[in-house]
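The values are calculated or read from the model by the stated rules, or taken from the named source; none is laboratory data. These numbers come from a predicted model, not from an experiment. As a convention, Cβ positions derive from the backbone with ideal geometry for all residues, glycine included, and neighbour counts pool all protein chains shown.
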Amino acid sequence: MLSAEPEDARDDEPGDGRRETAAASPAARPLTRLLLTVAGGVLALDLATKLLVVATLDRGEDVRLLGGALHLTHARNTGAAFSFAEGFTVVFTLIAVAVAVVIVRAARRLFSLGWAVALGLVLGGAVGNLVDRVFRDPGFLRGGVVDFISVFAPGGEFFPIFNIADSAITCGGVLGAVLALRGIEFDGSRSGDEARSGDEARSGDEARSGDASSRADDEPDGPGADRG
């Protein structure tokens, strides 16, 4: 006699086991380390350049570079990035703290390389400016952020003066927007994949049900069916 293989065993697809194994493998670990590495690099570069500017340039002093395409101008900013909304220092300080907390919490479910880089840039820039707001004059949570990069004209005449942290926040935001528009989630999947997978699973179930019905129709009704 031929042993009948249970339907459940036949329905199990080898791919499911491979997906579970891949998810549990070290390669599928969250990209927290990459996020923190990017954030740490941005923070280190931002702090180093600010310390150099404070140590070498008086406030308001300007250094012309690259034939005037770039100017180093020592300025202090109590607003958001690119000197926006000055006078709301405490508000932006609290926002920076909230952003950092949200990013760190999201890192536990981060499997997308692009999102790891984007959030790392934003986190490093937010913490870099937060350090200034906490430790620089005129006081705790009200400190002025050191800005020093001015393009095409001194003193921010052409474009507001900014710093490395501002650039990182902007680049991270743009990259995050591109990833969102492409439908890439934090876990590396694309939005709509789950729905498509569900549709494929339902189609497979319907196909198997149809095959089972066809087999049942082809089978004889009873032991004497052939003698009729």
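From the list R196, R142, which one is out of contact with any Leu (no Cβ under 9 Å at 6 or more places or on another chain), charged (D, E, K, R) and either assigned to a loop (DSSP other than H, G, I, E, B) or modelled with pLDDT of 90 or more (or both)? Walk me through how you get there before you give the answer.
Values: R196 fails: either assigned to a loop (DSSP other than H, G, I, E, B) or modelled with pLDDT of 90 or more (or both).
Of the residues listed, the single one that is out of contact with any Leu (no Cβ under 9 Å at 6 or more places or on another chain), charged (D, E, K, R) and either assigned to a loop (DSSP other than H, G, I, E, B) or modelled with pLDDT of 90 or more (or both) is R142.
Quick one: would you say R133 is under 26 Å from the mean Cα position of the chain (by Cα) and either within 21 Å of L31 (Cα to Cα) or not small (G, A, S) (or both)?
Working: under 26 Å from the mean Cα position of the chain (by Cα): yes; either within 21 Å of L31 (Cα to Cα) or not small (G, A, S) (or both): yes.
So R133 fits the description; yes.
In the stretch 57-75, how many residues are outside any loop (DSSP other than H, G, I, E, B) and not β-branched (V, I, T)? Show your work before the answer.
Step one: list which residues in the stretch 57-75 are outside any loop (DSSP other than H, G, I, E, B), which gives 62-68, 70-75.
This time we only want the ones that are not β-branched (V, I, T), so: 62, 64-68, 70-72, 74-75.
So the count comes out to 11.
Can you confirm whether the stretch 114-126 contains a residue that is out of contact with any strand residue (DSSP E or B) (no Cβ under 9 Å at 6 or more places or on another chain), part of a loop (DSSP other than H, G, I, E, B) and on the phi < 0 side of the Ramachandran plot? First the steps, then the outcome.
Quick first cut of the stretch 114-126, residues out of contact with any strand residue (DSSP E or B) (no Cβ under 9 Å at 6 or more places or on another chain) only: 116-126.
Next, only the ones that are part of a loop (DSSP other than H, G, I, E, B) stay: none.
The answer is no; no qualifying residue exists.
Is it the case that the stretch 133-155 has a residue that's within 28 Å of D187 (Cβ to Cβ), buried (at least 16 other Cβ atoms within 10 Å of the Cβ) and among the β-branched types (V, I, T)?
Start the filter on the stretch 133-155 by keeping residues that are within 28 Å of D187 (Cβ to Cβ), which leaves none.
No - not one qualifying residue is present in the stretch 133-155.
For the structure I just gave you, tell me whether D46 is at pLDDT 95 or above, of a type in the set (D, E, K, R) and either surrounded by 10 or more Cβ atoms within 10 Å (Cβ to Cβ) or on the phi > 0 side of the Ramachandran plot (or both). I'd like the intermediate steps shown before the answer.
Working: at pLDDT 95 or above: yes; of a type in the set (D, E, K, R): yes; either surrounded by 10 or more Cβ atoms within 10 Å (Cβ to Cβ) or on the phi > 0 side of the Ramachandran plot (or both): yes.
Yes; evaluated as a whole, the condition is true for this residue.
In the stretch 1-43, what residues are at pLDDT 95 or above and either in contact with a Pro (Cβ under 8 Å, 6 or more places away or on another chain) or not in a helix (DSSP H, G or I) (or both)?
none
What are the pairs, 6+ residues apart or on separate chains, where a residue within the stretch 169-185 that is in contact (Cβ under 8 Å) with a residue 12 or more places away in the chain has its Cβ under 7 Å from a residue that is assigned to a strand (DSSP E or B) and of a type in the set (G, A, S)?
none
Hey, among R142, R109, R133, which residue is of a type in the set (D, E, K, R), farther than 19 Å from L66 by Cα and out of contact with any helix residue (DSSP H, G or I) (no Cβ under 6 Å at 6 or more places or on another chain)?
When all the criteria are applied, what remains is R109.
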